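Asker: Could you have a look at this structure, given as structure tokens, before my questions?
Please treat every number below as a calculation from the coordinates, not as lab data. Small disclaimer: the values here were computed from a predicted structure and weren't measured. Because the Cβ atoms are built from the backbone with ideal geometry, glycine has one as well, and the counts that use them run over all protein chains shown.
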Amino acid sequence: MKQLNDKDIAKMIGEDFFPDENSVQKSVRQELHLSTRIPKKEITPAHITIDFHEHTEEEAWNMLVNLVESDARSATVITGASGILKIKFQQWARDSIISPRILSFTPINNGSFSVKLKKKQ
């Protein structure tokens, strides 16, 4: 079956046919294969889990900054039961440049925290 184009439709309804802008844009996008060329926006999940195990203090800080800069509203931060990163996380969450974005953090168990984040402005 033949697919109708604008000329075929114009013949059927008369010579005063003007396709609407949406149909023109849709056909141009299909011809140029724009749906495969334009990357889709990544959707940040509402909840993110980050794990500091086997990471340095600097890497853990960068992971936390990335979390705060994301659109996530909550997170689980796994620090481990002992070690410097458990202490550092609590200091960072309370007294650093990212602390204004953290609404609250509460221990889940001895080595992880539940974090609530303010909505990004």
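Asker: Classify the stretch 47-117 from the C-alpha gyration tensor, please: rounded if a/c falls under 1.5, else prolate or oblate depending on whether a/b exceeds b/c.
Answerer: Rounded shape, in that the Cα axes give a/c under 1.5.
Asker: Just grab the label-to-label distance for residue 121 and residue 51, each label 7 Å out from Cα along the Cβ direction, in nm (one decimal).
Answerer: Rounded to a tenth, the inter-label distance reads 3.6 nm.
Asker: As an exercise, identify the trypsin sites (Lys or Arg not before Pro) in the stretch 47-121 lying in DSSP coil whose Cβ has no more than 14 other Cβ atoms within 10 Å. Walk me through the numbers before you get to the answer.
Answerer: Details: sites: 73, 86, 88, 94, 101, 116, 118, 119, 120; in loops: 73, 118, 119, 120.
Here the trypsin sites (Lys or Arg not before Pro) that fit, given the DSSP loop and packing criteria, are 118, 119, 120.
Asker: Taking loop as defined by DSSP and a crowding limit of 11 other beta carbons within 10 Å, which chymotrypsin sites (Phe, Trp or Tyr not before Pro) in the stretch 56-121 fit?
Answerer: Those that pass, being in a loop and sparsely packed, number zero.
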